[in-house]
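The values are calculated or read from the model by the stated rules, or taken from the named source; none is laboratory data. All values reported here derive from a predicted model rather than from experimental measurement. Please note: Cβ atoms are built from the backbone with ideal geometry, for glycine as well, and neighbour counts cover all protein chains shown.
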Amino acid sequence: MRKTLVYFIKIPSTARFPDRDRAFARHWSVNSLRRKASLCAVPLVTYKEPLRRTRVATQPTPQARPMPRAVGIPGVKHVVAVASGKGGVGKSTTSCNLALGFAALGLKVGMLDADVYGPSQPRLFGLHGKPRTIGARMIEPKERFGVKVMSIGFLVDEDTAMIWRGAMVIQAVTQLLREVAWGDLDVMVVDMPPGTGDVQLTMAQQVPLAGAVIVSTPQDIALIDARRAIGMFQKVNIPILGIVENMSGFCCPACNKVTSIFGQGGARAEAEKIGAPFLGEIPLHMTIRATSDEGRPVVATAPESHHAQSYITIATQVWSAIETGGALKPAPRIVFE
Ligand SMILES: Nc1ncnc2c1ncn2[C@@H]1O[C@H](COP(=O)(O)OP(=O)(O)O)[C@@H](O)[C@H]1O
Ligand SMILES: [Mg+2]
């Protein structure tokens, strides 16, 4: 004859399972009985109730961390970031001449040098010395060629290494944005550091960017990084206003033969691939390098020259992209995946 064991189960107090409910306590008891019964090799009859694994909240459910809202800079209508994944491809040179190109269109322009580790704008604009302060907190931007310029380079020596951690860099960039008396500007150009790090994310989070202009040289190794920069801006919902191919072909001053030292057409092809406007090619030219080093940028000092006209054409296209809706995109929200 088969023996059947019938147990009346004493359900343990839920205090034993602080984060479970009573059904779980019952289930636990039944299971422990089952184990005992299997040791005796007898079937166990129990009252069966579906297990509800409801979790008793001992802590509030973690909420998605609220993202800081992008807040405009008072008086500044549009902010354009000039970026690339790589260093040395001509971001600073392009942003300086782009800002001057906007000024040539009759716009009120500011230039924010956000490359805290390697500020170039003081040299490019031929500006030196500490900026003046206004009251207790505000700094007055310096001005040259009709462009208001602010850079950490005004506050530290050219030879001083900025040995700063991310948090300090973010604070510095925030101050350059918010504690400078920019006044009324139609457009602010931001010369970004290379890469996709703290400064880029700070700019994307804190400022409603009208869009980003990507600078790349034509060779693959630069384009790979440019793609990363494009990907980052797309991820944070910032429109790509266009791509500039810098150092695109070298025209020998002796024989006028054009040599594509870094290749040619790579940035144009990339722009076509991602459906972004291609803004133009700037050749690798001695005049651009020399005028930059001398603090006499080509758009300001030789506005009729071929190079200056190329930058002004780029500025015209970027401005029309901003006016026709780039700036109307929603404020960027960072999404981490
Ligand atoms: N089109 C160009 N022709 C010649 N030299 C250039 C050109 N663009 C940039 N340069 C030079 O290349 C160097 C790096 O440029 P820079 O603008 O500082 O790059 P990044 O800001 O991307 O690091 C500088 O010496 C600059 O004068
Ligand atoms: Mg630079």
Picking from VAL147, VAL169, which residue would you name as being touching an Asp or Glu at 6+ places or on another chain (Cβ under 9 Å) and surrounded by 15 or more Cβ atoms within 10 Å (Cβ to Cβ)? VAL169
How many residues, within segment 72-116, are closer than 16 Å to VAL173 by Cβ and buried (at least 21 other Cβ atoms within 10 Å of the Cβ)? 15
Could you please find all residues in segment 158-201 being in contact with a Leu (Cβ under 9 Å, 6 or more places away or on another chain) and more than 27 Å from GLY146 (Cβ to Cβ)? ILE170
Segment 201-234, residues that are at pLDDT below 90 and closer than 14 Å to ALA114 by Cα: LEU201, THR202, MET203, ALA204, GLN206
Across (1) at pLDDT 90 or above; (2) of a type in the set (Gly, Ala, Ser); (3) within 16 Å of ligand 2 (Cβ to nearest atom), GLY85 clears everything bar (1)
